[in-house]
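Comments concern the structure below.
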Amino acid sequence: MAKYFGIILDEKRLSAIKGTPLEEKVEPIFGGALKRLVIEVSDELGQKTIEQFSKARFDARGFIEETPAAFKRLVFKKAVELKSLGPEVLEKALEELPTIKDEIAKEDRELPVPDVDISDILELQKNPVQKPI
Amino acid sequence: MQDIRIKDLPPPHGGKLVERVVRDPRAAWKLMEKCSAVYDIKPTLFKGNPVRNVYREIMSVCYGFFSPVEGSMTKAELESVLERRRLLSGWVFPYPILFDISEEDFKKLGVGPGDWLLLRLKGEPFAILEIEEVYEIDPLDVAIRTFGTPDKNPEVVRVPFDDKHTGYVIYKSFNPIILAGKYTIINEPKIRKPFDRFWYPPKKAREEFKRRGWTTVIAHQTRNVPHTGHEALMKMAAYIGDIKPCDGIVVNAIIGAKRIGDFPDEAIVEAHEMLHLAGYIKPERHMVTFTLWDMRYGNPIESLLHAVIRQNMGISFHMFGRDHAALGEYYDIYATQILWSKGIPSFGFDAPPYAVPGGFYIRPQNIAEFWYCPKCKEFAYSDNCAHKGIYSRYSGSFIRGLINEGVTPPPEIYRPEVYKVVVKWWKEFGYPFNNEKYLKEREERLEVDLPHMDIPEHLKKKIS
């Protein structure tokens, strides 16, 4: 059974693939709220990929998920370089895995907190409906 | 004409709620005087990491979540549970509940059947174990038999369990000596923030449902921050009821040791609460609660424990989705729904668990899947929406991946307020998910604090 590797595209990544064959393969998901590229790989290559990372797994949709963000960046970089969404993209990224080892290790310890204003929810939480009894 | 209205909450599983909590300090002192040894509760470790703490089971037993179980199981009870998923009394119960101890600690304690053991937690008296029997187990055998095998349970077990499965690892990591007997909490723990406002043991939950005038309540099992698909599931599943939809929707989070990569429990309970604080479900109809249990991820087996817990709380219906309480591909993704629609004979169920002797009053609501469909313009139910190629399926792993990459999940996936709760705890712990640091610190602080309580002189000498 085929497995899939999804690459979510933000503005920066979208501009990186503008005018390339990859641009035509962009899929909107969640009604266009997100855009992604999908690499289809064999079950064996999918299995080989998840075995590289302790948290990685196939989800119910058959996607390879919970791989490190550094690895996703590397896969995107390889897709752009190879101008392809074939399995060779993932193969190449796996070959170069040792080059991002430190980044991956760091990710297990820290991830930058997003700059999001949470004052509104803190206000809501000041008066919870359920109170300790 | 038959009146089809449901007029009362279901009875507790086993007929009577267990409550083994002594609140009078003088009574507690008298019980401690009968003890002959003291034991400081230790976490169960796997490769140095905490995977379980028996204190959570003692809490769940003594506050009645696991009624009619009253303590650590005897050898005969353990065999009965492993062989037929029934207690010796005939009531359905899925998991071994055991107080395990190392041979070294057992020798040091010098206790045997008839002795009472004082259990301490965080350096304070916590509970008493009335030792009825002492026996040995083979933890690996217990682990294998608890979850099943493809040979013995071909209906739903797809591949043998291994060290990637948290529940299997928990049982495999048990100590070999079991002290069987009843537990009694003698020093009532204080639940820590933010869990304190979600603490509804069965007796209190039933009181609260009655105060709210609820007779039909549906349970939502969770170990996750709710995405919009979960929210749609809760709202739609609650249309079951009697002559009107359910009065109440009760989220019951399983709180305890978790796998690395899951959301912290603090974020899970507050994110669910945010659904009513931000008005997506009226708070008059929605309650967030939790049960202390180191999740075993046993899919159909776990669903039986969920039925025990939620029926004891007074809940009439239970949502069961695809991959219920599952991890990996060990079970069929519909194993729980198979159990609750026709039974799984190899696990002791020739019929669904509500249709067997010793079974449940709680009724299943087996739900397929919700997805986001831009053409339906809604969070659509998979048995309704036929827009293949357009809809987007939810995946918790996918959402965690987005967060990991620094992408804010859009409102089609997370309510903005829910995501902000994730950010709140991300700031607190320095990380959005459980990592080794969080799990170790969490194991030290646990979910409770214990008030100081003196212990009798003869026991002070026993503290090593």
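Laboratory data are not the source of any read-out in this text; all were calculated from the coordinates shown. Note that this is a predicted model, so its numbers are computed, not measured. Ideal geometry is used to build each Cβ from the backbone, glycine not excepted, and the neighbour counts take in all protein chains shown.
Of the residues B:72, B:303, the one with the fewest other Cβ atoms within 10 Å heads the list, and the complete ranking is B:303, B:72.
When N is the residue count of segment A:1-83, what does its C-alpha Rg come to as a fraction of 2.2 N^0.38 Å? Please report the intermediate quantities before stating the final value.
Numbers: Rg = 12.8 Å, N = 83, 2.2 N^0.38 = 11.8 Å.
Normalised Cα radius of gyration, segment A:1-83: 1.09.
Calculated mean residue ellipticity at 222 nm for the protein assembly as shown: -9500 deg cm²/dmol, from DSSP H runs with n ≥ 4 weighted as -39500 (n - 2.57), summed, divided by the residue count and rounded to 500. Given in Å, the Rg to one decimal and the Dmax to the nearest whole number for the Cα atoms of the protein assembly as shown are 24.8, 82.
To the nearest 0.05, what FRET efficiency results for residue A:18 and residue B:49 with a Förster distance of 56 Å applied to their C-beta separation? Calculated value: 0.75. Near residue B:433, once Lys and Arg are set to +1 and Asp and Glu to -1 for all other residues with Cβ below 9 Å from its Cβ, the sum equals +1.
Treating each Cα of segment B:236-377 as an identical point scatterer and ignoring solvent, apply the Debye formula and state log10 I(q)/I(0) at q = 0.10, 0.20 Å⁻¹. Treating every Cα as an identical point scatterer, log10 I(q)/I(0) equals -0.38, -1.45. Beta bridges assigned by DSSP with both partners in the protein assembly as shown are antiparallel in approximately 65 percent of cases.
At q = 0.12, 0.30 Å⁻¹ the log10 of I(q)/I(0) for segment B:329-383 amounts to -0.41, -1.14, computed by Debye summation with a single uniform scatterer per C-alpha, solvent ignored. Stick to Cα atoms and the Kirkwood definition of Rh, then tell me Rg/Rh for segment B:117-242. Dividing the radius of gyration by the Kirkwood radius yields 1.05.
If you keep only loop residues by DSSP, which GluC sites (Glu not before Pro) in segment B:252-338 have at most 15 other Cβ atoms within 10 Å of their Cβ? Before the final figure, lay out each step's value.
On the way: sites: B:266, B:270, B:273, B:284, B:302, B:329; in loops: B:284, B:329.
Answer by residue number: B:284, B:329.
Loop only per DSSP, at most 14 neighbouring Cβ atoms within 10 Å: give me the trypsin sites (Lys or Arg not before Pro) in segment B:376-418, ordered by residue number.
Numbers: sites: B:377, B:388, B:393, B:400; in loops: B:377, B:388.
Answer in residue order: B:377, B:388.
If we count other beta carbons within 10 Å of each Cβ, what is the order of B:234, B:32, fewest first?
On the way: B:234 24, B:32 21.
Fewest to most other Cβ atoms nearby, the residues stand as B:32, B:234.
Across segment B:21-173, Cα-Cα distances exceeding 18 Å account for 64% of all pairs. Counted without the sites themselves, the longest stretch of chain B free of chymotrypsin sites (Phe, Trp or Tyr not before Pro) in a DSSP loop having at most 15 other beta carbon atoms within 10 Å is B:1-238.
When each of A:15, B:395 is scored by the number of other beta-carbon atoms lying within 10 Å, the sequence from fewest to most is A:15, B:395. The convex hull defined by the C-alpha atoms of chain B has an orientation-averaged projected area of 22.8 nm². The angle between the Cα long axis of helix B:416-429 and the longest principal axis of the Cα atoms of chain B comes to about 30 degrees, rounded to the nearest 10. Loop-located GluC sites (Glu not before Pro) in segment A:84-119 (DSSP state other than H, G, I, E, B) with a sparse environment of at most 16 neighbouring Cβ atoms within 10 Å: A:96, A:110.
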